[in-house]
1. Give me the pairs, please: first residue somewhere in region 84-106 and closer than 21 Å to I185 by Cα and touching a residue at least 12 places away in the same chain (Cβ under 8 Å), second residue anywhere and hydroxyl-bearing (S, T, Y) and in a helix (DSSP H, G or I), beta-carbon distance under 8 Å, and either six or more positions apart or on two chains.
2. Within region 1-16, can you find the residues that are among the hydrophobic types (A, V, I, L, M, F, W, C), assigned to a helix (DSSP H, G or I) and either loosely packed, with under 10 Cβ neighbours inside 10 Å or touching a Ser or Thr at 6+ places or on another chain (Cβ under 9 Å) (or both)?
3. When the residues of region 52-67 are filtered to those that are β-branched (V, I, T) and at pLDDT below 85, which remaining residue is surrounded by the fewest Cβ atoms within 10 Å (Cβ to Cβ)?
4. Which one of I43, I23, I72, I109 is at pLDDT below 85, β-branched (V, I, T) and surrounded by 15 or more Cβ atoms within 10 Å (Cβ to Cβ)?
5. If the requirement is being touching a residue at least 24 places away in the same chain (Cβ under 8 Å) and of a type in the set (F, W, Y), which of these qualifies: Y10, Y48?
6. Open to solvent by less than 50 Å² (accessible area, probe 1.4 Å) and at pLDDT below 85 - does that describe any residue in region 195-207?
7. Kindly state which helices (runs of 4 or more DSSP H) lie completely within region 158-258 and contain at least 2 residues that are free of Cβ contacts under 8 Å to residues at least 40 places away in the same chain and within 30 Å of T126 (Cβ to Cβ).
8. From the list M132, M189, exactly one residue is open to solvent by 30 Å² or more (accessible area, probe 1.4 Å), closer than 20 Å to S64 by Cβ and modelled with pLDDT of 85 or more. Which is it?
Amino acid sequence: WIATILLTLYCLIAIVLIGNMVISSFKTKQDLLFNTFGFPTKISFENYRQVLVKDTLYKNFFNSIILTTLSIASLIFFSSMTAYGLSRYRFKGRQALEMYFLLGLMFPIQIAILPLFIIMRTLKLTNTFLGMIILYTANMSFSLFIFTQFFKELPAALHESAVIDGASEVTIFLRIMVPISKPVIFTVMTVSFVQIWNDFYLPLVFLAKRSLHTLTLAIYQYLANFLAYWNYVFAAATLSLIPVIIVFVVFSDQIISG
């Protein structure tokens, strides 16, 4: 019951904060100043019109969608194949290789940001979505760990019977292992979506071009002049929250089963 009380309090605090953000997004600057925590005296869509139409926030929105979608697809593809190889095949150095990948869970990417930037600049991958996708895909330690543990739990007879039936390794992976691992795929996809969608640090370092800015960078521009644009901050933050909520609502069953 202690855990229930603590989780209930946490949920209530989160609901109040998110609700206040959404309500504040429909307030004018004057209404926010004199009625900070109350309901809007008059519902106004000016904040959304400003950020979407005048400030073209929709372009940053689409940038985030494209970058997040492609990064997740690449991450799941490569991490699932790597995990399948590590869990199903016995070869010299397999355990060392597995530990090497898992070490990525211990070190934040900020530690290696300088050599990463030099490498990406040398390869001319800065200010490109391809470079960002490569970075997000390389950060596969968590997804690799989840996939590896799942594939290890599968009975070896499943793979052996498919081999006896004449299936190739590619066929076994695509037509047997991938469908079975759907709950894990949805779990990895959801967790990675939240991380990549909300990521601020890597886009700030590697995407200097304004036309390539993601939604988090666009919101930061408002936060840099918070007193002047604080009514726009709430509208932009509310828009950034919508895809995350949709993903959790749509895939909640798969997340639980995964």
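1. Taking only residues 6 or more apart or on different chains, the pairs are L86/T148; S87/T148; E98/T148; F101/T82; F101/S141; L102/S141; G104/S141; L105/S141.
2. Result: I2, A3, I5.
3. Going through the qualifying residues, I end up with V53.
4. Step by step, each of I43, I23, I72, I109 is checked, and only I109 is at pLDDT below 85, β-branched (V, I, T) and surrounded by 15 or more Cβ atoms within 10 Å (Cβ to Cβ).
5. Just one listed residue meets the conditions, Y48.
6. The answer is no; no qualifying residue exists.
7. In region 158-258, 215-224, 226-250 are the helices (runs of 4 or more DSSP H) which contain 2 or more residues that are free of Cβ contacts under 8 Å to residues at least 40 places away in the same chain and within 30 Å of T126 (Cβ to Cβ).
8. Result: M189 is the single residue among M132, M189 that is open to solvent by 30 Å² or more (accessible area, probe 1.4 Å), closer than 20 Å to S64 by Cβ and modelled with pLDDT of 85 or more.
The values are calculated or read from the model by the stated rules, or taken from the named source; none is laboratory data. As the structure is a computational prediction, the values presented were derived from the model and not from experiment. Note that each Cβ is placed from the backbone with ideal geometry, even for glycine, and that neighbours are counted across all protein chains shown. SASA here: full protein model, heavy atoms, side chains in, ligands and nucleic acids out. Shrake-Rupley method; radii C 1.70, N 1.55, O 1.52, S 1.80 Å.
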